[in-house]
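Undergrad: Mind having a look at this structure? Questions to follow.
The values are calculated or read from the model by the stated rules, or taken from the named source; none is laboratory data. Please read these numbers as outputs of a predicted model, since none were measured by experiment. Note that we place each Cβ from the backbone using ideal geometry, even for glycine, and neighbour counts take in every protein chain shown.
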Amino acid sequence: MRNVVLYGSESHKFILLNESEPGEEDGIRSNQYLVLHDDCGVLLDPGGFGVMPRVLAEMLRYIGPDKLKGIILSHQDPDIVGGISTWLEITGAPVYVSRIWMRFLPHYGILGERMKRFVGVPDAGLPLEICPGFDLQLVPAHFLHSEGQINVYDPASRILFTGDIGAAMLPPDRDYAFVDDFSAHLPYIEGFHRRYMCSNKAAKIWVDAVSKLDIHLIAPQHGPVYRGQAVKDFLIWFRELQCGIDLMTESGHFREGA
Ligand code: FE
């Protein structure tokens, strides 16, 4: 587990809590993020059941669970939602997830009163005031890869949390925290994006929407964080990417590279 402060001012921090190193476990690093404003915290994609104790231990270096004022789930996958019922026990925070995944959450063992802690995010996204002076923007990223995917933009740090968009599958012998050279990084993202992202139409719509934001860093759920020219280079590449159903043949197979 490592801990990188991606942005830090006196009152505001954006922290990467990184739960597995290359070479450990399956070798795919998974990122959890804690956004802190004074003593108000928001956790982004808290992770699966197995990582929950380690994420909690890292979070306790900054705040106690009573100071957690929001948990945001980018989508419905088990590596994001698997630990949520334990988080519900130790915090009083509301949990934000796309409205289209609400009806499936009972299958994670969340029933009755606990479902009232969930807020269904509308398709258009949602501006959130977490605490006075602490605002986050929930930005839609439909079909990238999930039908109800949401991103989180933090205007104070100018960091865009993108969930699986930009995710890298680094081999066990590669380890770097930031992407500076996009073309050297491309081999570790290309196959994943071609196969998991739904279509070029979805990618174009998303790139055009987020390009209106002032983005300092792109922070994905897996792999290193994009900064500097790599932010621009990634957006240019993704906007033109043929992926998902674009690559599907009539017989139901995928063209090479997907
Ligand atoms: Fe996913």
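Undergrad: Quick check on my filter: what residues within the stretch 197-221 are surrounded by 15 or more Cβ atoms within 10 Å (Cβ to Cβ), over 21 Å from R158 (Cα atoms) and out of contact with any Cys (no Cβ under 8 Å at 6 or more places or on another chain)?
TA: Matches in the stretch 197-221: A202 only.
Undergrad: In the stretch 37-68, which residues are under 16 Å from D154 (Cβ atoms) and surrounded by fewer than 16 Cβ atoms within 10 Å (Cβ to Cβ)?
TA: Correct list: D38 only.
Undergrad: Sticking with this structure for a sec: Taking interchain pairs and intrachain pairs at least six residues apart, which have beta carbon atoms under 6 angstrom, with the first residue in the stretch 124-140 and outside any strand (DSSP E or B) and the second modelled with pLDDT of 95 or more?
TA: Taking only residues 6 or more apart or on different chains, the pairs are G125/L138; G125/V139; G125/P140.
Undergrad: Only residues that are over 14 Å from F14 (Cβ atoms) and either touching a residue at least 12 places away in the same chain (Cβ under 8 Å) or touching a strand residue (DSSP E or B) at 6+ places or on another chain (Cβ under 7 Å) (or both): list them for the stretch 44-57, please.
TA: Of everything in the stretch 44-57, those that are over 14 Å from F14 (Cβ atoms) and either touching a residue at least 12 places away in the same chain (Cβ under 8 Å) or touching a strand residue (DSSP E or B) at 6+ places or on another chain (Cβ under 7 Å) (or both) turn out to be P46, G47, G48, F49, G50, V51, M52, R54, V55, L56, A57.
Undergrad: Among the residues of the stretch 136-150, write down those that are touching a helix residue (DSSP H, G or I) at 6+ places or on another chain (Cβ under 7 Å) and within 16 Å of the ligand (Cβ to nearest atom). Can you show your working first?
TA: Initially, the stretch 136-150 is screened for residues touching a helix residue (DSSP H, G or I) at 6+ places or on another chain (Cβ under 7 Å), giving 139, 141-145, 147-148.
Of everything in the stretch 136-150, those that are touching a helix residue (DSSP H, G or I) at 6+ places or on another chain (Cβ under 7 Å) and within 16 Å of the ligand (Cβ to nearest atom) turn out to be A141, H142, F143, L144, H145, E147, G148.
Undergrad: Now for a different question. Would the stretch 211-225 turn up any residue that is among the aliphatic types (A, V, I, L, M), in contact (Cβ under 8 Å) with a residue 24 or more places away in the chain and touching a Pro at 6+ places or on another chain (Cβ under 8 Å)?
TA: Checked against the condition, which is being among the aliphatic types (A, V, I, L, M), in contact (Cβ under 8 Å) with a residue 24 or more places away in the chain and touching a Pro at 6+ places or on another chain (Cβ under 8 Å), the stretch 211-225 yields no hits at all.
Undergrad: Just checking, how many residues over the stretch 159-181 are surrounded by 19 or more Cβ atoms within 10 Å (Cβ to Cβ) and of a type in the set (F, W, Y)?
TA: 1
Undergrad: Please tell me if G41 is free of Cβ contacts under 8 Å to residues at least 12 places away in the same chain and more than 16 Å from the ligand (Cβ to nearest atom). Quick ask: steps written out before the conclusion?
TA: Numbers: free of Cβ contacts under 8 Å to residues at least 12 places away in the same chain: no; more than 16 Å from the ligand (Cβ to nearest atom): yes.
No; evaluated as a whole, the condition is false for this residue.
Undergrad: Restricting to the stretch 51-87, what's the tally of residues that are more than 16 Å from the ligand (Cβ to nearest atom) and part of a helix (DSSP H, G or I)?
TA: 14
Undergrad: Give Y108, Y96 a once-over and let me know the one that is closer than 18 Å to I71 by Cβ, under 13 Å from the mean Cα position of the chain (by Cα) and of a type in the set (S, T, Y).
TA: The conditions single out Y96.
Undergrad: Can you name every residue in the stretch 151-169 that is within 17 Å of Q32 (Cβ to Cβ) and either away from the ligand (no atom under 12 Å from the Cβ) or of a type in the set (S, T, N, Q) (or both)?
TA: Those that are within 17 Å of Q32 (Cβ to Cβ) and either away from the ligand (no atom under 12 Å from the Cβ) or of a type in the set (S, T, N, Q) (or both): N151, V152, D154, S157, I159, L160, F161, T162, G166, A168.
Undergrad: If R239 satisfies all but one of (1) on the phi > 0 side of the Ramachandran plot; (2) surrounded by 15 or more Cβ atoms within 10 Å (Cβ to Cβ), what's the number of the condition it fails?
TA: Of (1) on the phi > 0 side of the Ramachandran plot; (2) surrounded by 15 or more Cβ atoms within 10 Å (Cβ to Cβ), only one is false for R239: (1).
Undergrad: Mind listing whichever residues of the stretch 118-137 are surrounded by fewer than 21 Cβ atoms within 10 Å (Cβ to Cβ) and either closer than 22 Å to S9 by Cα or in contact with a Ser or Thr (Cβ under 9 Å, 6 or more places away or on another chain) (or both)?
TA: Those that are surrounded by fewer than 21 Cβ atoms within 10 Å (Cβ to Cβ) and either closer than 22 Å to S9 by Cα or in contact with a Ser or Thr (Cβ under 9 Å, 6 or more places away or on another chain) (or both): G120, P122, D123, L128, E129, I130, C131, P132, G133, D135, Q137.
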